[in-house]
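Below is one structure, written out as structure tokens, with a few remarks after it.
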Amino acid sequence: MGILQGKVALVTGAGQGVGQGIALALAGEGASVAVVGRTEAKLSATCELIRERGAEAVPFTVDVADTAAIPPLVEQVVGTLGGVDVLVNNAYTGSYGPLLSMSDDDFQRGFRTAPFAAFAFMKACHPHMKARGGGSIVNLVTSAMVRWDPTTYGAYAAAKQALRSLTRTAAAEWGRDGIRANSIAPHALSPGLEGWVASNPEEAAEFVKSIPLGRIGECEADIGRAVVALVGPDMRYLTGATVPLDGGQAFFG
């Protein structure tokens, strides 16, 4: 029996990449998974992979930028799967580039899909987690927040830094309710990163050289399994932390 048997996990952006890897890892430990994202075909593919492992998975389609749609979606998840114990806010759609070339809408998009969407999911899940005796929230942030030179990553880093602060606040305010909240800052071979590596082989080689462990992480084996550990019983006393899952590249002081 897995360590998450009987638990329900809601994972956003679970149709591919890191979100899919996290969903698969949680399911591998027995969790039922609400697979949330924008593209129905991708969600269905993730659900099929989960079911092949003998776990329950249900797709839920939503654009997380539409924060008004989030509370009813959480109620739908609870009605379908019986509750929610684990929330993973992974979905993000933002903009990259120099600040002077960025429109207000481009800059704000990352905030709508990162801290604003996460806030809506967290608030909607809170009463259900509290009713079940507690729960665990994992929000995905980025090492770009602490890069010595965040050029072209400024909007991304700003949105994720806001999410990191939100996570810490939830940990402080909701700990009495048995709810833990942590952040992870991962590097993993998502489709987006794979595309960048293929298009920029020389820059990618230098990037890998800067990682002390000498490789980019795997979505399920490195990131997903770490999330399993974070939300599992062995880490029940950890909350308010930011865990850099990047092979030692970044320093969070």
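Only Cα pairs under 8 Å and 6+ residues apart enter the sum, and on that basis the relative contact order of segment 38-180 stands at 25 percent.
Count Lys and Arg as plus one, Asp and Glu as minus one, and take only other residues whose Cβ is under 12 Å from that of Ala159; the net charge is then +3. With the alpha-carbon atoms of segment 37-122 aligned to their principal axes, the span from lowest to highest coordinate is 50, 24, 18 Å, starting with the largest. Across segment 8-13, computed HN-Hα scalar couplings (Karplus, 6.51 cos²θ - 1.76 cosθ + 1.60, θ = phi - 60°) run 10, 10, 10, 10, 8, x Hz from first to last residue, x flagging Gly and Pro. Ignoring ligands and nucleic acids, what accessible area does Ile216 show with a 1.4 Å probe (Å², nearest 10)? Ile216 exposes around 20 Å² with every protein chain in place. Calculated on the alpha-carbon coordinates, the convex hull of the chain measures out at 126 cubic angstrom per residue. Can you give the angle from 0 to 90° between the axis of helix 154-174 and the longest principal axis of the chain, with both taken from C-alpha atoms, to the nearest 10? Helix 154-174 and the main axis of the chain meet at about 30 degrees.
Sorting Phe252, Phe119 on solvent-accessible area from highest to lowest, probe radius 1.4 Å, gives Phe119, Phe252.
Counting only protein heavy atoms and using a 1.4 Å probe, the accessible area of Met102 comes to about 30 Å². Pick out, from Phe116, Ala155, Leu193, the residue whose Cα sits farthest towards the positive end of the charge dipole of the chain, with +1 on the Cβ of Lys and Arg and -1 on the Cβ of Asp and Glu. Value: Phe116. The heavy atoms of Thr242 present about 30 square angstrom of accessible area, all protein chains included, probe 1.4 Å.
Accessible surface of segment 21-98, 1.4 Å probe: 48 percent of it comes from carbon and sulfur atoms.
Charge tally for Ala25 (other residues, Cβ to Cβ under 9 Å; Lys, Arg +1; Asp, Glu -1): -1. With contacts taken as Cα pairs under 8 Å at a separation of at least 6 residues, the chain carries a relative contact order of 20 percent.
The residues packed around Thr61, meaning those with a beta-carbon under 13 Å from its beta-carbon, carry a net charge of -1 if Lys and Arg are +1 and Asp and Glu are -1. Normalised by 2.2 N^0.38 Å, where N is the number of residues, the C-alpha radius of gyration of segment 101-238 stands at 1.18.
For the chain, a crude dipole built from +1 on the beta carbon of Lys and Arg and -1 on the beta carbon of Asp and Glu, taken about the Cα centre, is about 740 debye to the nearest 20. Here segment 41-63 and segment 115-183 have alpha carbon centers that stand 24 Å from each other. Heavy atoms of the protein chains alone define the surface here; on that basis the chain has 46 Å² accessible area per residue at 1.4 Å probe size.
The values are calculated or read from the model by the stated rules, or taken from the named source; none is laboratory data. Keep in mind that what you see is a predicted model, and the values were worked out from it rather than measured. When we count neighbours, we look across all protein chains shown, and the Cβ atoms used for this are built from the backbone with ideal geometry, even at glycine. The area values use the complete protein model at the heavy-atom level, side chains included, leaving out ligands, DNA and RNA. Shrake-Rupley method; radii C 1.70, N 1.55, O 1.52, S 1.80 Å.
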